[in-house]
Structure formats: structure tokens, C-alpha cells
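Only the coordinates and a few stated rules stand behind these numbers; no lab work does. Everything numeric in this text was worked out from a predicted model, so none of it was measured. Every residue, glycine among them, receives a Cβ derived from its backbone with ideal geometry; neighbour counts consider all protein chains shown.
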Amino acid sequence: MLGEIVISYCATNIGDAILKAVRDRYNPIVTSAAKTTAEQLKQKYGNGFEDIWGSQNFIEMLPSLGSTELDTAIESTYQGKWDIEEARVAQAISNKLSENMPQLKTYALEFVQCFLSNLTHLLKEKDHNALTKRLFVRQEEIGIMVQETHKSTRKILEMFPIFQASLQKIDSFISDIDLKDKLTLSERKRCEEVLKRCDLLISRYQFNEAREAAFEIKEVVHRIAELKVLGRFYNTLAQIESYGGNKSSPEALDYLNRAAEYLPDNAVIKTNIGVHYYAAGEINRAREILSSFSPDKKGASNYYNLEGLICVSEKNLTGAETSFRRAIENDETHWEARFNLGRTLAELEKLLEAETVFSNLHEAHPQFLPAYTGLCNVFFELSTREVYGSEQEKRYLETARKWISDCLQVLKVLKIDERYIINDIGNILGNLGAVEAALGNISEAQRHLLRSISLVPSRQDPHYNLALIYHKLEQFDKATSELEEAVKLGRNDEMTETNLAAMYLAMFNQSRNIEYLQKALNLSKELVDKNGCSLALNNLCMVYFMMKEEYKVKEVCENVLAKNPTCLQALSELALYYDRTDNAAEAITIRARILEFDPDDFDTNYALGSKHYEAQEWDKAIPLLIKCIKPSPLSSNLLPNIYIMLARCHKAMEDDIKPFDVLQAGLKRYPENIELKKEVSRLAEVSPERSPRLFVPKKPS
């Protein structure tokens, strides 16, 4: 860096002005850092300690020690590499300090680290390009005599002993070298260093700083006019726009296309264009770009990462896993490929492998935010495999919450401009809301999900998860609106649309508005026609029962069973049909058949348990009702009544199970349910009604 200053200023014949500029710029910084350090140490160790180390001696001596190391400190700070060099430089200077000031030996390293911290802080506050930004504008004025360069280096050497090593090196190799070529080489080196620094700033989410650094060299890049530098420059600008805003932003694509004009065969740039189209949802265009070239060694990791993303979009998770692993084999520091591998393993239900991938990623790059959300999702998924309300389930959920909370702390520490990570924050808060809901913290969950939606209204999952909360709170109108929004945004899987049909039924029960019943009928019929044996069959049959068209229940169930004889939904609804038509024997036969296929089937256990409850056969009702409240992907508003029935059974039996404990378990799951609250104080008669139910998602987002 100093070599560039000397050569460039000599080349423009500024002469003594540069010496004054350098002296004015660097001497005060070094001296100020030493003075600040002396004051800090004086405050820490007291006035008495000043007699031992002598603040003035420290100030005067420290800048003259370790000239090579201080030069490294200044240069590496400007290149964004100080984190790598800090420990080595501090140790080298402290060794020299101990030799010259033995009384400081015990404290030397601490003092030097403090000094270097102050120095680099001051350096970062200065515009380090202020001395050099004018130097590359006038190449026609580079005919300065070589001896002027030698003269200038000797003058600076007299004034700045800290730059001794760099200046002697410059003085030794400059002879009759063409200064024009040297200037171009210096410019190219500067551009390469700035672009490397931009990469580092991007990885730290410092997009403003990266953009400023890049635009400072824009004129230099075009003056050099080397294709490699131009392509690299515009690819960097594209990454800044992509990561600093939206990966599918038009600005990012414009920069990528310009980069491709300069480097049309560059695999990295081609892959980045493919990633852009993938992020924009143009999968076919991404696939076309990927198939148009073979990756070289340098671009292989990006190539296989994009290949994996396309496999994910095609539901080819095994192929995606293979591609992501190949990407990592080519570059272990490809953080996105490692995250994508973990996410794919989780989708393949290889949760322990996914946890290992995310944990290793977090350890290698603790500032990479998706690693935290990946770990949250893994532990959330693990919690769904445990017994509801168990200690292990709670531990998994609390671990999931811890990872998301840690992620929020990282955001505070990094002090990232929120506008650059709105999507990340929305995702984080969406996950946190889902976890809090699973832990029973409904108000907290609602707050986080609403905040997530306000930041990124286009995300589907927070709307869906908020709908589940509103359903639990029996606010069916809000639940319906959120589900409709989730579907509008593209969440049109069977479970979501089935839940929406269930909410239309709930709204009909609440308002008696026939439009809701018609919506439930149309959507449920469409889903059954499309999927046959599906969860929507329950809603469709419920509509037929409400419309007094029981014969249609028998008809649709028999049609489904003709294609799928083990369809539990069809068998369950057919049993209910025989109940309604007073054919109890046939209903019992069908339910026995259901329990052969699935001993834990909710509807069957509920139906048989209810019959035994109504017949006051408490001992027969209890085991069936217990099966209904075991862990299940089903969340039904029948469940509060089941807890009430179960509590009454235990009260009637006068066994070891306390009715109050049963009701408390129900309130933990449904804290806002009015009937459960009433039953805690009085075990009143509550007639369970069959109502629409929702299906809980397996993942927080």
C-alpha cells in the first residue's frame, strides 16, 4: 500500500506535498493511538504504575518498534484482513517491546493489543483512499525521473521509521522500470485487494461499505480495461445487490449480464446468473443455463449447488443431496451449499445428519444466519417425534428456541442494517413464533408471527402458523383470512387447502352463512376428486351430513374404497354414515376393521370412546379417549371436550388419576378454551360436538 503511495505521487510529480500529506496523515494516527493506550492503561493500573512504565516513554518508543509489523497492521486493516494478522503482529511487537522495556515484559502483550486495537480503530475511521484516489487519473504525467523516486523514499524513511522495511524494498527494486507499467500493475493490485475486501464485507452483511469500496475503484477498473478485472468487478456489484436486497433484483441481473459480456465463458458468472433465475422462480431458465456449460475447478462448487437447488424444486431430494455434497467437496467454505445439504437431509428425515451439518456450519461460520434457523428446524422436528407434553419434547423445543434467540443476538452484535436482512428477520421471527406456539406461549407466538408478516408479507408459512393460533383461540374469521392469504401466496398443498375448507365449515357453524358451506363443499370436492383418499374426505362428508344428503356420503366413500380398500378416512366416514342410519352393527364392524389397520386412529377411538362414555362404561371409554390425546399431527377442537370427558371418567372411577390433572393438561394445550376453564371449577355436563379440525405442520416454517 505504501509503495503505491510513493510511486504514484512521484509519478504525478507532487514532490514534497506527498511527504507532508503522509506525515500529516499517519504520524498523528500512530501517536494518537499510543496516547489513548497510555491513558487507558493509566486508568486501569493507577498513577503509581506510571512510574514503572512511563507514559511518555511508551508513547515515544512504541511507534518506532516493529516497523514491519506496524506497516502490516495498517495495510491489512485497509484490506479487511486484520482479523487474520492481529495475533501475529501483536506478539511480534510485544516481543520487541519487552526487549527494549524489560519492566513491561509481564504486560507487553496486553499493552500492544490495546495499542493495535486503538490504531486500527483510528485507521478505519479515516478515508484511507484520500491519499491515493487522485493518483491514477493522469497517466500521461508519469514521466518523472527514477532518481526522484529514490529521493522521495529516502525522505520518507528519515521521517517514518515505522515504514523502514517497505521503503527499503521499494528503493531496492526501482531502477529503470517503466513507471507506466508499474502504475498499471499498482492499479490492478489495488483493484484486486478492494474486490477481496468487498467479498469479506459481503460475508459480514456490510453491504453499504462493500458498495462504497467497489465504486471507489470503478474509474480505475475501466481505465485498466482488463476483461478479467471488469468481469470480476461487475460480478461483485451483482453479489452486493443480490445479498443486500433481493437475489432476484433487476439490478443484480444487469450487473451479471455486464460481467458476462467481459467474461462470457466464466463458469462462476454463468452459475450466478442461473441462481438469479432460480431465485426469481424461473426454474426452466436456470436449468437451461446449467446445461449450457461444464464447470471448471473454480466454478464447480457454485455449479453443483445450483444443480442441487434445481433438484429440490423437482422434488428429487436424493439427487439434491448428491449435488450439494459434490459442491462441498469442491469448496468446503461454500456456506450456502452446506446449509442446503442440511436442509435437504432434514427433508429426507435424516435429522441427526442434518444436525451435524448445521452444527459444523455454525462452528465454521458463526455469522452465517441460516445455520441458526436450520438447527431450530431440526430440533423442532425432533420435538414432534416425542410424546406430547413430555420433558424430552420440551427440551427439544427449548433448544430450538435457544438457537433462534442466539440468532437474534448475533444480529444485534453485527448491527446489520435491517433493510438488508428483512427476509432473514422475517424467517427468524416466523420460526420463533412457531416454536413459542408449540411451547404454549400463544401471545408471544402471535406477536412474533405478526411482526414476521409485517416485514415479509409475501412469506406463506407465518400466515399459515398464525391461522393455527387463531383456530386454537377460536377466532375462526381471522384463521380463515390467514389461510386464504397463505393459499393466495402459493401454499396450495393438500393439508393447507383441507384446513381452509375446515375453516369455511367453522365459519358456517358460527354465522350460518350458506356461502361458507358452499365454499367448503366446492373446495373439499375438488380435493377428493384430485386426491381420492385424502384428509379432505372428512370435510366433504361433513358437508353432506349438514345438507341432509347422507346417501352421498355412502356413495363417495364406497367409490374411494373401491380404489383404496384401506383408506381410513373413507372407512371412518362410512362408519359414521351407518351410525346416522341406525345400523350400529355395521358401524362397529367397520370400526373394528379400522383399528386393525391403525389402532391409534383418532376418529375411531373417539367414536367408540364417546359411545362407552355415553353408556357410562368408564373403564372402556378411558383407554380409547387416552389414545385420542396422544401425540398426533391432528389438532382438533374436539380435543378440549375429550379432556373433559376423560376427567369425568376418572372422577366416576375414583381411580388414582385426578380429574384436575387431566384438565390442567388440556389447558396447557388449549389455554384459552372456555369450557376447559369452567370444568376446572366445576365438572359440568358438556356435550361433545363433532367439529372441523386442523392439521398441525411438521415444521415451524
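Between Lys315 and His222, the modelled labels are 5.0 nm apart [label points 7 Å from Cα along Cα→Cβ].
The stretch between Arg682 and Ala592, if pulled fully straight at 0.36 nm per residue, gains 28.9 nm over its current Cα-Cα span. A protection proxy built from the mean count of other Cβ atoms within 10 Å ranks the segments 220-232, 296-308, 427-439, most packed first, as 427-439, 296-308, 220-232. More than 15 angstrom separation, counting every C-alpha pair in segment 449-525; what % is that? Distances greater than 15 Å cover 51 percent of the Cα pairs. In a fully extended conformation the segment linking Lys651 and Asp529 would gain 39.3 nm over its present Cα-Cα distance, using 0.36 nm per residue. In this simple spin-label model, placing a label point 7 Å from the Cα along the Cα-to-Cβ direction at both Asp296 and Lys402 gives a separation of 4.7 nm.
In whole Å, what three semi-axes, largest first, describe the equivalent ellipsoid of segment 393-489 built from its Cα gyration tensor (square root of 5 times each eigenvalue)?
Numbers: eigenvalues 107, 64, 15 Å².
Taking √(5λ) for each Cα gyration eigenvalue gives 23, 18, 9 Å.
Could you give the length gained on full extension between Glu617 and Thr356, defined as 0.36 nm per residue of separation minus the Cα-Cα distance, in nm? Taking 0.36 nm per residue and subtracting the Cα distance, the gain is 88.9 nm.
Highest-first packing order for the peptide set 373-384, 322-333 is 373-384, 322-333, based on the mean count of other beta carbon atoms within 10 Å. Relative to one another, the C-alpha centroids of segment 450-504 and segment 355-425 are positioned 23 Å apart. When each of the peptides 545-554, 666-675, 334-343 is scored by the mean number of other C-beta atoms lying within 10 Å of its residues, the order from highest to lowest reads 334-343, 666-675, 545-554.
In this rough spin-label picture, where each label sits 7 Å from Cα along the Cβ direction, the Arg385-Glu282 distance is 4.1 nm.
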